[in-house]
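Reading through the structure tokens given below for one structure.
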Amino acid sequence: MDWKDLLKRRESCRVYRDQPVPRTVLDELVKEALQSPSGCNAQPWRFLIVDDPQAKKRLVEALDDDGLTGCPWGDTVPAFIVISELKATLKPKVAERYDSQKFAQMDIGMAAMTICYAAADMGLGSCMIGTFHEKKLREALGIPDEAKPRLIITLGYDGVGHPPRAKIRRTFAEACGHNHW
Ligand SMILES: Cc1cc2nc3c(=O)[nH]c(=O)nc-3n(C[C@H](O)[C@H](O)[C@H](O)COP(=O)(O)O)c2cc1C
């Protein structure tokens, strides 16, 4: 898909068709995410594809963070990708100056963005979910102590089928300066 079309087409999708996403497609999304940039090329991430009904059920229970959930429609989601942060190994001089995890959340955000645009390019809807009960999610998916789950991406075929929504965004003038704040 043309980049400008893809920019319009990618939007948060919260209504999915009851249709599984083939494992090969989910694997391809992660393979494309692995091409994302990261600070010092540290790649401080691990991706967990969750498409098995039992594993999904456990994940969906972890979406309830003591009464707060950003994904009340979790039980309708065909597949999830959970991105966890790993300890980053930075280049020695960078590691001396900065905390090893300084760039890790940015890195994960970029990988997540790659997944969402790649999904849109493949005709899939996606939505990033930033809220979940960390302990329940760890237990649900066997995420070890040395990894920190950061983001969940929901994936599936769009159940609404409308043209892309108009994006509600700050204007260019509000959001961008030139040469001085
Ligand atoms: C880090 C992050 C966390 C998000 N968490 C949630 C969430 O928990 N639930 C949800 O419905 N959308 C979530 N979103 C989606 C945003 O609400 C959405 O990207 C924003 O409103 C812009 O809309 P658009 O994605 O359709 O362009 C999240 C997005 C990001 C980048």
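In order along the stretch 108-121, the phi-based Karplus estimate (6.51 cos²θ - 1.76 cosθ + 1.60, θ = phi - 60°) of 3J(HN,Hα) comes to 5, x, 5, 5, 5, 5, 4, 4, 5, 6, 5, 4, 4, 5 Hz; Gly and Pro are listed as x. Neighbour counting of Cβ atoms within 10 Å sorts the residues Glu11, Glu28, fewest neighbours leading, into Glu28, Glu11. Spin-label pair Arg97-Asn179: with each label point 7 Å from Cα along the Cα-Cβ axis, the two points sit 2.6 nm from one another. Per-residue 3J(HN,Hα) values for the stretch 126-137, derived from phi via the Karplus relation 6.51 cos²θ - 1.76 cosθ + 1.60 with θ = phi - 60°, read 8, 8, 7, 10, x, 10, 6, 8, 4, 5, 5, 5 Hz in sequence order (x marks Gly and Pro). Here's how it looks for Ser36: its modeled amide H is under 5 Å from none belonging to a residue 5 or more places away or on a different chain. Each Lys or Arg adds one and each Asp or Glu subtracts one; over the other residues with Cβ under 13 Å from the Cβ of Phe47, this totals -3. For Val15, nonlocal amide neighbours, meaning residues 5 or more places apart or on other chains whose placed amide H falls under 5 Å from its own, are Gly159. Each residue in Thr171, Thr76 was given a count of other beta-carbon atoms within 10 angstrom of its own, and listing them fewest first yields Thr171, Thr76. Once the mean of 1/r is taken over each pair of separate Cα atoms and inverted, the chain shows a Kirkwood hydrodynamic radius of 17.6 Å. Amide H to amide H, with H built 1.01 Å from N, Ile153 comes under 5 Å of Ile81, Val82, Ile83, Ile129, counting only residues 5 or more places away or on other chains. Here the alpha carbons of the stretch 128-181 define both size measures, Rg and Dmax, at 18.7, 48 Å. What residue among Arg97, Arg165, Arg46 shows peak mean-square fluctuation when the chain is described by a Gaussian network model with Cα springs under 10 Å? Checking each option, the largest mean-square fluctuation is seen for Arg97.
Working ranking of peptides 135-141, 116-122 by packing, defined as the average number of other Cβ atoms within 10 Å per residue, highest first, is 116-122, 135-141.
Each value in this text was obtained by applying a stated rule to the coordinates, not by laboratory testing. On a predicted model such as this, the values are computed, not experimentally measured, just so you know. Every residue, glycine as well, gets a Cβ built from its backbone with ideal geometry; the counts of neighbours run over all protein chains shown.
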